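Single-structure report; data block below.
The values are calculated or read from the model by the stated rules, or taken from the named source; none is laboratory data. Computed from a predicted model, the values in this text were never measured in an experiment. Ideal geometry is used to build each Cβ from the backbone, glycine not excepted, and the neighbour counts take in all protein chains shown. In case anyone asks, the SASA skips ligands and DNA or RNA and just uses the protein heavy atoms, side chains included. Shrake-Rupley method; radii C 1.70, N 1.55, O 1.52, S 1.80 Å.
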Amino acid sequence: MGWVRVPKEEFARIRKLAADRKAKREEKRKSLPWRDDHPAQPGPRRRRKRTPVQIAWDRNDALWSLLVRRRDTAAFGPRCRICGQTAESVRAAMVGYHLVPKKRGCVIRWLPEDGVQGCARCNFGERMNPGKYRDKHIALVGQARMEELEALAKPGTQFRLDDLLAIGAWLKAVIEAAPGQEPQRPPCLPVVKP
């Protein structure tokens with residue numbers, strides 16, 4: 001389609017209609033409730049403040065992961081205990097890897113016996129295919145140890161703030177302790193047979 005010649009008067013009328021439509025849209029925008037400066041518009045969404053229990057919980061997870069990674073790096077080198085690859089070869093970070101998933105074993109969540117160093121790929125793969133990885137866990141730590149950890153796992157256990165702080169202090173003491181010296185375990189954590 002080509003250009004159409006329009007007389008000046010017709011062109012002025014079309015421009016006036018467009019300007020009127022634009023002004024009408026602007027008036028309507030001012031009356032809409034989702035407008036930026038509308039009084040009914042709520043302020044920016046605020047993030048809920050984290051409780052001391054949540055902060056202690058996350059801190060304990062980070063300390064547990066550090067403890068497991070340091071222990072296994074010293075004993076086996078910087079390798080994933082599940083697939084045997086190094087972090088550089090799989091292009092994934094090494095993480096503290098729970099043998100019994102955290103959501104199933106809240107009581108044993110922070111026990112060093114429940115963890116090995118693993119790559120992020122294996123950690124994600126376990127969520128997608130737990131049966132395959134359970135067999136790998138049994139090959140890694142043995143059938144008896146896996147059954148003992150699963151027997152100790154009690155989902156739904158609640159920890160008080162003082163329990164979480166005691167666990168955090170214990171994890172930090174274990175990280176800083178000399179090899180062969182383990183600090184006294186808090187009473188809220190079960191004991192795993194060696």
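Can you count the Lys pairs in the chain with C-alpha separation below 27 Å, eight or more apart or on different chains?
27
Tell me the accessible surface of Ile14 in square angstrom (1.4 angstrom probe, heavy atoms of protein chains only), to the nearest ten.
So the heavy atoms of Ile14 present about 80 Å² to solvent.
When ligands, DNA and RNA are left out and all protein chains stay put, how many square angstrom of accessible area per residue does the chain have with a 1.4 Å probe?
Numbers: 13830 Å² over 194 residues.
Here the per-residue accessible area is 71 Å².
Using the Kirkwood radius built from alpha carbon pairs, what does the Stokes-Einstein equation give as D for the chain at 20 °C and 1.002 mPa s, in µm² per second?
Numbers: Rh = 21.4 Å.
Answer from the Stokes-Einstein relation: 100 µm²/s.
Mind grabbing the base-10 log of I(q)/I(0) for the stretch 155-194 at q = 0.15, 0.17, 0.25 Å⁻¹? Debye formula, identical points on the C-alpha positions, no solvent, two decimal places.
-0.40, -0.51, -0.92
Which one of Leu152, Val141, Pro78 is farthest out on the positive end of the charge dipole of the chain, using unit charges on Cβ (Lys, Arg +1; Asp, Glu -1) and the Cα centre as origin?
Pro78
If amide H atoms are built 1.01 Å from N in the plane of the peptide, which residues on other chains or at least 5 residues away come under 5 Å of the amide H of Gly115?
The answer is Leu99.
Hey, if we sort Glu148, Glu26, Glu126 by accessible area with the 1.4 Å probe, largest down, what's the order? Could you put the intermediate results ahead of the total?
Values: Glu148 45, Glu26 80, Glu126 20 Å².
Sorted by accessible area, descending: Glu26, Glu148, Glu126.
Using 0.36 nm times the number of residues separating Asp20 and Thr157, minus their current alpha carbon distance, what extension gain do you get?
On the way: separation 137, 0.36 × 137 = 49.32 nm, distance 6.65 nm.
That works out to 42.7 nm of additional length.
Can you compute the charge dipole magnitude of the chain about its Cα centre, using +1 on each Lys and Arg Cβ and -1 on each Asp and Glu Cβ, nothing else charged? Give it in debye, rounded to the nearest 20. The partial results should precede the final answer.
Numbers: 41 positive and 22 negative charges, 320 e Å.
Roughly 1540 debye, rounded to the nearest 20.
Taking only DSSP H segments of four or more residues, each worth -39500 (n - 2.57), what value at 222 nm results for the chain once the sum is divided by all its residues, to the nearest 500 deg cm²/dmol?
On the way: 7 runs with 100 residues, N = 194.
After summing the helix terms and dividing by the residues of the chain, the value is -16500 deg cm²/dmol.
Convex hull over the alpha-carbon atoms of the stretch 52-118: what's its volume per residue in Å³?
Working: hull volume 5.7 nm³, N = 67.
About 84 Å³ per residue, rounded to a whole number.
Tell me which DSSP H helices of the chain clear both cut-offs, 30 Å or more of axial length from alpha-carbon atoms and a mean Kyte-Doolittle hydropathy of at least -0.5. Intermediate values should be presented prior to the final figure.
Details: long enough: 8-31 (35 Å, -1.91); 52-76 (35 Å, -0.24).
Both cut-offs are met by 52-76.
Ignoring everything but the protein chains, give the 1.4 Å probe accessible area of Arg160 in square angstrom, nearest 10.
The value for Arg160 is about 140 Å².
Normalized C-alpha radius of gyration of the stretch 125-194, against 2.2 N^0.38 Å?
Values: Rg = 15.1 Å, N = 70, 2.2 N^0.38 = 11.1 Å.
With N residues counted in the stretch 125-194, Rg over 2.2 N^0.38 Å equals 1.37.
Accessible area, 1.4 Å probe, largest first: how do Lys193, Lys102 sort? Write down the numbers at each step before the final one.
Details: Lys193 145, Lys102 85 Å².
Order by accessible area, largest first: Lys193, Lys102.
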